[in-house]
Amino acid sequence: PQGYCLEEAFGATLLANEPKASYRVTHDPADGVKDADIVYTDTWTSMGQEQEKAKRQAAFTGFQINETLMAQAPAHAVVMHCLPAYRGSEITHDMVEKHAAVIFEEAENRLHFQRSLLNVLMGEGGL
């Protein structure tokens, strides 16, 4: 939604490091998913933002990943979520269940990365 876009500096850094990369910003969820291979969401209110919960829920209304939105995406599109998922908020229960294999594989991969990071910081490869 308006006011929650990537910062312009991100786009400049992306294009400076990857000249063949491209991205576009849209404020229309259906337009955003129409050519998507992956539809990604996160919780609308992260830790430390609890005081903004009502404001964020109002701003993100219409951006929920649900059957209606995914009907606008290609049939092969998958849903990803970095968890925790607040079913009924940013994503519906049925979308979590339908795409659970991908969602939980992502969570497992994050676990392995975090374990490796701890090993580097606390173990043999420490700083």
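The values are calculated or read from the model by the stated rules, or taken from the named source; none is laboratory data. Keep in mind the model is a prediction, meaning the values are calculated, not measured. Every residue, glycine as well, gets a Cβ built from its backbone with ideal geometry; the counts of neighbours run over all protein chains shown. For the accessible areas, the whole protein counts, side chains as well, though only heavy atoms, and no ligand, DNA or RNA atoms are used. Shrake-Rupley method; radii C 1.70, N 1.55, O 1.52, S 1.80 Å.
Among the helices (runs of 4 or more DSSP H) confined to the stretch 52-127, the ones with at least 1 residues that are open to solvent by 90 Å² or more (accessible area, probe 1.4 Å) and either under 24 Å from Gln2 (Cβ atoms) or touching a residue at least 40 places away in the same chain (Cβ under 8 Å) (or both) are located at 53-60, 67-70. In the condition set (1) at pLDDT 95 or above; (2) out of contact with any Leu (no Cβ under 9 Å at 6 or more places or on another chain), Met95 is compliant with all but (2). Selection within the stretch 33-51: residues that are closer than 18 Å to Thr92 by Cα and outside any loop (DSSP other than H, G, I, E, B). The member of this set that is most open to solvent (accessible area, probe 1.4 Å) is Tyr40.
Being open to solvent by less than 100 Å² (accessible area, probe 1.4 Å), touching a residue at least 12 places away in the same chain (Cβ under 8 Å), in contact with a Cys (Cβ under 6 Å, 6 or more places away or on another chain) and of a type in the set (A, V, I, L, M) is true of Val25.
Among the residues of the stretch 3-14, those that are out of contact with any helix residue (DSSP H, G or I) (no Cβ under 8 Å at 6 or more places or on another chain) and either open to solvent by 80 Å² or more (accessible area, probe 1.4 Å) or of a type in the set (Ser, Thr, Tyr) (or both) comprise Leu6, Glu7, Glu8, Phe10, Thr13.
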